Amino acid sequence: DNTPRGRVGEHADMPRPNNPRMLWIDALAQQGLAAHCIARLAGLIGAAGLAAEWEAKFAAIRETINCNYWSEPDGFYFDIDADDGHFYKVMTPASFWPLVSGMADPGRARRMFDAVRAPELLGGPVPLVTLARNDPDFDAATGMYWRGSVWLPTAYMAIKGFEQYGAYALAHDCALKIVDQQYRTFRDFEPHTVWECYHPTLARPANTCDDDGGLVRKDFCGWSALGPIALLIENVIGVHGVNAFTNTVEWALPEVSGAVGVRNLRFGDVVTDLVA
């Protein structure tokens, strides 16, 4: 809607940049993830040739991303220009799509995590804001939609990228802070509901980029329910991997006092209690 990705000056001049020269890192990484998933599905049905074909497509996209979209000095993936390949250095969670897709080597993944730990970048009291806090277009006052708000789909995506590289403590820390902010907003802000996106600091919803600058949409469980359901179970509690084929559960048990777990967890023919 109003992301400053692709801007050519210090600030984005238009609400919607619409830069036709920009190649989007997330769009390409998503295609790689799709190819990898098709290869895995083909393997499950024993179609070895089909699996190899799609795994080759995945490998080609992975090479393109790592050769062209990685900025070594910054330790971060960025969007690039289609004409000359220069980086559009606007730091957003979109750059974690190569991690979700399993395209980064462990060293690059660890450098990406540094941006989430840095309070002046994508960290801070509520992590995984949609724009780095030191960016000229970051809106600290309201979040202004995609200029600083916390959106659950992009935050969830990034946290799934942490899991891919075994960063379970970082995933837990980010998820706990985000779900806590959602809870405090639900408790203290009226109407008491789930919102489209959240303020980058305060326990309240963000504002839109519309002319009136009003609040974002309320009753928005289309994706913001990812917090109190998926992030709570998978990363606050830590039950991040459940496999009905092998009857196994992967549980990154967090360091908390008291009991933690899930009762009546269902997968395949299993109904079980997991409590530590």
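Where [x] 1.14; [y] 1.05; [z] 1.18 are the candidate values, the label of the one calculated here for Cα Rg over 2.2 N^0.38 Å is [y].
Between the amide H of Phe220 and those of Val194, Trp195, Glu196, distances stay under 5 Å, these residues lying 5 or more places away or on another chain, with hydrogens modeled in the peptide plane.
The candidates Cys174, Cys37, Cys67, arranged from most to least accessible area with a 1.4 Å probe in the full protein assembly, appear as Cys67, Cys37, Cys174. Normalised radius of gyration (Cα atoms, divided by 2.2 N^0.38 Å) for segment 1-109: 1.20. Each Cα pair under 8 Å and six or more residues apart adds its separation to the average, and for the chain the resulting relative contact order is 13 percent. Here the mean projected area of the convex hull built on the C-alpha positions of segment 123-182 is 4.0 nm².
Shape call for segment 168-276 from the C-alpha gyration tensor, a ≥ b ≥ c root eigenvalues: rounded (a/c under 1.5), prolate (a/b greater than b/c) or oblate? Can you show the working numbers first?
Numbers: a/c = 2.69, a/b = 2.10, b/c = 1.28.
Since a/c reaches 1.5 and a/b is larger than b/c, the shape of segment 168-276 is classed as prolate.
Each peptide in 177-183, 106-112, 9-15, 133-139 gets a packing score, the mean of other Cβ atoms within 10 Å over its residues, and the list from highest to lowest is 177-183, 133-139, 106-112, 9-15.
Only helices enter this figure: runs of n ≥ 4 DSSP H residues, each worth -39500 (n - 2.57), summed and divided by the residues of the chain, yield -11000 deg cm²/dmol at 222 nm to the nearest 500. Rounded to a whole number, what % of the accessible area of the chain do carbon and sulfur atoms account for, probe 1.4 Å? Ligands and nucleic acids excluded, carbon and sulfur give 54 percent.
So if I place +1 on the C-beta of Lys and Arg and -1 on the C-beta of Asp and Glu, and nothing else carries charge, what would the dipole magnitude of the chain be about its Cα centre? I want it in debye, nearest 20. Could the numbers behind the result be given before it?
Values: 23 positive and 34 negative charges, 104 e Å.
It works out to roughly 500 debye.
Between rounded, prolate and oblate, where does segment 78-139 land on the alpha carbon gyration tensor, with a ≥ b ≥ c its root eigenvalues, rounded for a/c under 1.5, else prolate if a/b exceeds b/c? Intermediate values should be presented prior to the final figure.
On the way: a/c = 2.23, a/b = 1.14, b/c = 1.95.
In terms of gyration-tensor shape, oblate.
With protein chains left intact and a 1.4 Å probe, residues in the chain average 49 Å² of accessible area per residue.
The values are calculated or read from the model by the stated rules, or taken from the named source; none is laboratory data. Being a predicted model, the structure only gives us computed values, none of them experimental. Every residue, glycine among them, receives a Cβ derived from its backbone with ideal geometry; neighbour counts consider all protein chains shown. The protein model used for the area step is the full one, side chains on, heavy atoms only, and it has no ligands, DNA or RNA in it. Shrake-Rupley method; radii C 1.70, N 1.55, O 1.52, S 1.80 Å.
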